[in-house]
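The structure appears right after this line, and notes come after that.
Only the coordinates and a few stated rules stand behind these numbers; no lab work does. Small disclaimer: the values here were computed from a predicted structure and weren't measured. As a convention, Cβ positions derive from the backbone with ideal geometry for all residues, glycine included, and neighbour counts pool all protein chains shown.
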Amino acid sequence: MTGAGLTGQGPDALGLFIFFARLSLLAVGGANAAVPEMHRRMVDGFGWMTDADFANAYALANAAPGPNVLVVALLGWRLYGGPGLVSATLGMLGPAWIVAWIAGGWTQRLAGRAWLKAARAGLVPVAIGLTLATGLIMSGAAAIGWTSYAVTIGAALFVWLSRFSPGWALLGGGLVGILLL
Amino acid sequence: MNDAISPGIDTLGPPPGPWGLFTAYAKAASLGFGGANAWCRRVIVEERRWMTEREYAEVMGIGQVLPGPNVGNAAVMIGRRFAGLPGSVAACLGLYGPPLVMLMGFALAWDQLGSIPTVAGFMHGVAAAAAGMVIGNAARQATRLRLPWDLIGIGLCAAAAAAWFQMPLLLIVAVLGPAGIAAVVVRGRRA
């Protein structure tokens, strides 16, 4: 057990803020990359919540629209109500915002340099590959049978090859889900 | 610098102010089932045409190596680039504000309705389709950028390392980032 004042009963607002601020600065590769670490510490380490509660919050944040990082808002809310929501969200987003702001300034100022252009172009395939990985992990988590995989493949082809809005793929997937899942 | 990654047919629209950034991100995030990246790319590159496919991919690449949420990092940098501090704040408010409200509503509704089979089936289907959307978005990006084979190989390595072998992302970025940069430099010399 680390951290002053943290007990198995749950953290206070400041404790949540510090916890998520620290976590966010380690989360290279995005919010999904931080989820295993979040789970390890909140459930197994600090005993703030049960495994089922955590899994439910994660599933809801994935199913709801918007950035999946907002799972921290839901976790904070379930732990400590409104103040928990605010402090968890600010902790996760604030420090990262400052880092990105500074980095954005650098890349603008140094935009003409050859090495920066090479660095930017060279990171593109890694970013796309990690997006692909997120999709693959999500498809595994969402699957409850072969129908799920068929829906995933169909939606992937639709988004890849058509110019129509991806919303149709989501709606279609939901309707297939009502009928078959 | 590198004709291997060409942006394709892109005529850019007029650059946005803070309000435009807010509405674009609010729209992308509110529609963004399964994560906001796919929708942000679509709205910014394909609908509003503020950035080329390549520019957007490059900002996402930087967002990926910075700590914190990728799309959020990209929103901070894109907002700053077009409209300074107000633009950056507006983009983030659009990205996080509306979905946060919806998520809370969603969680409350789920507590009430989650056990109804029709609702559960619909949500399972949407989750599976959202995963497909994220995969299709990656494929669409790679296709539109006409990535050469070596960069596609690096991308697939990154995907396999993260999804299959579940390697730490820091390690993946530390190894494959320089590999990608080296591949781009070598191509630039040959061209």
(request) Assign unit charges at the C-beta atoms only (+1 for Lys and Arg, -1 for Asp and Glu), then state the dipole size of segment A:1-109 relative to its Cα centre in Debye, rounded to the nearest 20. (result) 300
(message) Which of B:Cys157, B:Cys40 has the fewest other C-beta atoms within 10 Å, and how do the rest follow up to the most?
(response) B:Cys157, B:Cys40
(request) Mind listing the long-range amide H neighbours of B:Phe33? Cut-off is under 5 Å, sequence gap 5 or more, other chains count too, H placed in the peptide plane at 1.01 Å from N. (result) A:Gly66
(request) Could you tell me the distance between the Cα centroids of segment B:153-191 and segment B:22-62, to the nearest Å? (result) 23
(request) Hydropathy first: keep DSSP H helices in chain B averaging at least 0.5 on Kyte-Doolittle, then drop any whose Cα extent along the axis falls short of 24 Å, and list what survives. (result) B:70-113, B:117-145, B:169-190
(request) Starting from the Cα gyration tensor of segment A:37-181, take the square roots of the eigenvalues, sort them a ≥ b ≥ c, and report rounded, prolate or oblate (rounded when a/c is under 1.5, otherwise prolate if a/b is larger than b/c, else oblate). (result) oblate
(message) To make sure I understand, if each residue's beta carbon is the centre and we count other beta carbons within 10 Å, what order do B:Met123, B:Met104 fall in, fewest to most?
(response) B:Met104, B:Met123
(request) Take each uninterrupted DSSP H stretch in chain A, measure its Cα extent along the helix axis, and return the ones at 15 Å or beyond whose mean Kyte-Doolittle hydropathy is at least -0.5. (result) A:13-26, A:51-63, A:71-109, A:114-142, A:146-161, A:166-180
(request) Give me B:Thr143, A:Thr147 ranked fewest to most by other Cβ atoms within 10 Å of their Cβ, as a rough exposure proxy. (result) B:Thr143, A:Thr147
(message) Could you compute the net charge surrounding A:Ala103? Neighbours are other residues with a C-beta less than 14 Å from the C-beta of A:Ala103; K and R count +1, D and E count -1.
(response) +3
(request) If a/c stays under 1.5 just call it rounded; otherwise compare a/b with b/c (prolate if a/b is bigger, oblate if not). Do that for segment B:147-191, with a ≥ b ≥ c from the square roots of the Cα gyration tensor eigenvalues. (result) oblate
(message) Run the simple label-point estimate for B:Leu85 and B:Val175 please: 7 Å along Cα→C-beta, distance reported in nm.
(response) 4.3
(request) Describe numerically, in nm with one decimal, the distance between label points set 7 Å from Cα along Cα→Cβ at A:Thr50 and at A:Ile144. (result) 1.9
(message) Within segment A:57-101, list the residues whose amide N lies under 20 Å from a label point set 7 Å along Cα→Cβ of A:Asp12.
(response) A:76-92
(message) Positive end of the dipole of chain B, charges at C-beta (+1 Lys, Arg; -1 Asp, Glu), about the Cα centre: which of B:Met51, B:Leu171, B:Pro98 has its Cα farthest in that direction?
(response) B:Met51
(request) Could you tell me whether chain B comes out rounded, prolate or oblate from its Cα gyration tensor? Rule is a ≥ b ≥ c as square roots of the eigenvalues, rounded for a/c under 1.5, then prolate if a/b exceeds b/c, otherwise oblate. (result) oblate
(message) Suppose each label sits 7 Å from its Cα in the direction of the beta carbon; what would the B:Leu113-B:Arg189 distance come out to in nanometres?
(response) 6.0
(request) Go ahead and estimate [θ] at 222 nm for the protein assembly as shown from helices alone: -39,500 (n - 2.57) per DSSP H run with n ≥ 4, summed, over the residue count, rounded to 500. (result) -25500 deg cm²/dmol
(request) Count charges around B:Ala28 for me, please; just the other residues with Cβ under 15 Å from its Cβ, Lys/Arg as +1, Asp/Glu as -1. (result) +3
